[in-house]
Amino acid sequence: MRSKSTILKLHRFRYEDHRRQLAEIESMIAEFQRKQGELDQQVQIEEARTGVSDPNHFNYSLTAKSIRNRRDNLNKSIADLQQQHREASQRLEDSTAELHKAEALAGKSGDGPDMADDTPASQALPMPS
């Protein structure tokens, strides 16, 4: 059977890994949204330059069409990342609950030699938003 210290370290590692994954997804979403804004500006500039803003018009800029396609692809990627964010948030909540449970069980069983070097992680754990 694993020692209390090893079990707590495993739960802390899982918690930190899920927190890191969530932060990475949030960063990617923010970056994609920034790029989406830039593409919107480029479309507006191109449409103003050519004087045609209707994508169905025969004289609509191919550059603007291309930029619109890129923006639409980014929108799909953002939607996928938002779904991943929801799933990662749930995993983080689950791992936080597991960590708190493991800490509580380790605390009930006493402070043996396995627990001497470990401080409760719940003191430093922020709750997921």
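Taken together, the values in this text are just the output of simple stated rules run on the coordinates, not laboratory data. Since the structure is predicted, the reported quantities are computational estimates derived from the model, not experimental observations. Every residue, glycine as well, gets a Cβ built from its backbone with ideal geometry; the counts of neighbours run over all protein chains shown.
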May I ask which residue of Ile25, Phe58, Leu39 lies farthest towards the positive end of the charge dipole of the stretch 24-105, with charges of +1 (Lys, Arg) and -1 (Asp, Glu) on Cβ and the Cα centre as origin?
-> Phe58
Which of the peptides 24-34, 86-96 is most tightly packed, and how do the rest follow, going by the mean number of other Cβ atoms within 10 Å of each residue?
-> 86-96, 24-34
Debye, to nearest 20: dipole size of the stretch 4-109, +1 on Lys, Arg Cβ, -1 on Asp, Glu Cβ | 420 debye
For Lys108 paired with Gln41, estimate the spin-label separation in nm (one decimal), with each label point 7 Å from Cα along the Cα-to-Cβ line.
-> 5.7 nm
